[in-house]
1. What is the helix-to-structure angle for 299-313, meaning the angle in degrees between its Cα long axis and the longest Cα principal axis of the chain, kept from 0 to 90 and rounded to the nearest 10?
2. Once each part is reduced to its C-alpha centroid, what is the distance from the stretch 125-142 to the stretch 276-337 in angstrom?
3. Which of rounded, prolate or oblate describes the stretch 97-253 when judged by the alpha-carbon gyration tensor and an a/c cut-off of 1.5?
4. For the stretch 34-367, just say rounded, prolate or oblate: build the C-alpha gyration tensor, square-root its eigenvalues into a ≥ b ≥ c, call rounded for a/c under 1.5, and beyond that prolate if a/b exceeds b/c, oblate if not.
5. Grab the Cα-Cα distance for SER38 and ARG167, subtract it from 0.36 nm times how many residues apart they are, and report the gain in nm with one decimal.
6. Give LYS32/LYS244; LYS33/LYS244; LYS32/LYS215; LYS275/LYS318 a once-over and call out the pairs whose C-alpha atoms are over 19 Å from each other.
7. Taking 8 Å as the Cα distance limit and 6 or more residues as the minimum spacing, I'd like the relative contact order of the chain as a percentage.
8. Compare LYS134, LYS280, LYS336 in a GNM of the chain, Cα atoms joined below 10 Å, and give the one with the largest fluctuation.
Amino acid sequence: MNLNSLINNAVSSIKGNETKKKGIAGKLAELKKEKNLSEFNSSELLEDSFAFEVFPAELNHKIAGTDSGFVGKRMHSIDIILIKTVSAIFSYKKNKLEKAEYFPSPTDFPLPFISSNTLENDEFECNKSLMRLKEEISCSKKVIKEFKPDYCLIDGSIIPQYADKARKESQLHSDYSSLIKLFESLYQTAEENSCNLIATVEDSRGSRFRSILQKEILEKNHLMSGSSLDSFFDSSLLDYLLAKNQRSFCFNYSSSIKEHPILNDFNEKWASRIKAFYLKPSLLDRPLRIEFLHNGKELTPYANEIASVILSLSSLHKEYAYPSVLIEADLRARLKPNEIEILFNKIQDKLGRDNAFMALRRNSRPF
């Protein structure tokens with residue numbers, strides 16, 4: 001197959017898939033008219049309606065958002081990782097930003113980490129992620145304690161992801177276990193300081209919502225017989241189903257805590273309180289996945305409160321709907337690849353031609 005044929009086939013496949021998705025979504029749109037999802041008699045359907053109208057909140061809050069940037073470099077005998085974590089803290093009054101603070105200072109040099117452990121390639125990537133998460137969660141804890149925000153936003157999921165879980169035989173496994181404890185400590189800190197802990201996932205490839213829809217509504221009630229939602233991610237499905245300023249019903253992070261590879265490592269006290277929903281802040285951008293720690297309030301009003309705040313924060317650009325405080329944290333924490341090269345060159349200058357610090361063969365070809 002030549003290049004032109006490959007491109008044409010790809011375009012044709014994408015168009016075909018989108019046409020199919022629109023057709024299925026059109027049929028599913030009838031579900032939005034259901035007045036009471038409790039009629040489906042499923043413990044997976046936590047609210048009565050399929051979708052909820054969301055109205056922008058008037059911002060009179062202090063809102064923190066934490067993100068990090070990191071770069072890593074592998075050498076023959078050591079690994080170097082640079083991590084820069086920044087929390088932006090925005091104070092609002094009547095929707096106006098009155099004060100912006102940062103912790104730590106965005107002008108601080110990134111934290112350098114040097115590891116002489118003999119890590120496999122997959123472990124190196126896992127190690128970078130574990131270190132980054134540790135710094136982000138630690139920073140969020142300090143911000144909650146010192147600045148007392150009403151809301152603390154995390155960029156990414158509210159729990160570690162499967163790729164962050166080191167193999168049991170790996171020397172990183174104890175680091176992963178410590179990270180779980182750190183996440184639980186963050187939850188406790190947020191609760192003790194009456195801070196609403198929220199995570200927003202920028203490019204979610206989740207399928208939990210789709211799975212609930214397929215198994216708990218379509219299959220159990222013999223609706224749309226023969227139709228499968230397997231070609232959808234949650235965000236692409238809900239892009240068709242949700243209108244601007246609507247959110248989906250809430251759902252548990254997992255149907256089974258004990259069977260989930262990450263939640264099973266958490267204390268059930270916290271694992272059972274992690275909920276999620278999708279919010280569509282803009283007509284021209286995909287829905288955001290919102291994860292939060294349910295604080296015991298009545299679920300629907302609390303989810304609407306969270307959605308309203310996120311909606312107000314995410315309405316700055318019609319083609320990029322994401323909370324402004326997290327955009328700011330990302331810009332302040334972003335690192336360029338050449339920043340680690342500066343550190344590497346300085347170390348190499350002091351070592352001279354010491355073979356213990358040789359670059360990897362693939363990075364030192366003379367041609």
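1. The answer is roughly 60 degrees.
2. Taking the Cα centre of the stretch 276-337 as reference, the centre of the stretch 125-142 is 21 Å away.
3. oblate
4. It is prolate, given that a/c is not under 1.5 and a/b is the larger ratio.
5. 42.4 nm
6. Listed pairs above 19 Å: LYS275/LYS318.
7. 23
8. LYS336
Every read-out reported here was derived from the displayed coordinates using simple, explicitly stated rules and does not represent laboratory data. All values derive from a computational prediction rather than experimental measurement. Quick reminder, even Gly has a Cβ in these numbers, built from the backbone with ideal geometry, and neighbours come from all protein chains shown.
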